[in-house]
Amino acid sequence: MKRRQVVAVIGAGDAPRAVCKLAFALGREIARRGAVLLNGGRTGVMESAAAGARKEGGHTIGILPGSDRHAANRHIEFAIATGIGEARNAVIIASADTVIALAGEGGTLAEIGFAKKFGKPIVALDSWSEIDGLHRADTPADAVTLALKLAASNSRRRK
């Protein structure tokens, strides 16, 4: 059985409405293409992306910082409570095939750092222009297309 690609969507937990709208569209695109959405399972970008994915019948996984899996937002299908706080950012990235980054703060920046360290492809959607080495996309559809293409290419190189 072939595994589905896993796309981590990262960004601010207290994101403005415009960023949440992008996240929702990303979630829909990820689900439409048969991939699984993975994120931190909380609010803002995480909740909006998960809502978009679930609206299209997609699967969502939330890696939570605390030990209560019920703390996940209502759009997370599979909640994984870690009890390891912000260290869960490494788990999110290690579990993904590819990463799409939206606007965020320190936690998002840490996830970008882990993605670079772990060799995971990163697509920035309307964000992080100050960081070299990220792939860029202008729309949610373009971001998902590029992320899945990069993940497939990265997977072939690892074999």
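The values are calculated or read from the model by the stated rules, or taken from the named source; none is laboratory data. Fair warning: this is a prediction, and the values are worked out from it, not measured in the lab. For neighbour counting, all protein chains shown are included, and Cβ atoms are generated from backbone atoms with ideal geometry for every residue, glycine included. For accessibility, only protein heavy atoms count, side chains too; no ligands or nucleic acids. Shrake-Rupley method; radii C 1.70, N 1.55, O 1.52, S 1.80 Å.
Pro121 passes every criterion in (1) buried (at least 20 other Cβ atoms within 10 Å of the Cβ); (2) closer than 22 Å to Arg42 by Cβ apart from (2). Among the residues of the range 43-63, those identified as open to solvent by 30 Å² or more (accessible area, probe 1.4 Å) and more than 12 Å from the chain's Cα centre (by Cα) are Thr43, Arg54, Lys55, Glu56, Gly57, His59.
For the range 80-117, the tally of residues that are open to solvent by less than 50 Å² (accessible area, probe 1.4 Å), part of a strand (DSSP E or B) and under 19 Å from Thr43 (Cα atoms) stands at 4. Checked against (1) without any contact (Cβ under 8 Å) to a residue 24 or more places away in the chain; (2) closer than 21 Å to Ala53 by Cα; (3) not acidic (Asp, Glu), Val144 passes all but a single condition, namely (1). On inspection, Leu22 does not qualify as under 15 Å from Leu102 (Cα atoms), open to solvent by less than 20 Å² (accessible area, probe 1.4 Å) and not in a loop (DSSP other than H, G, I, E, B).
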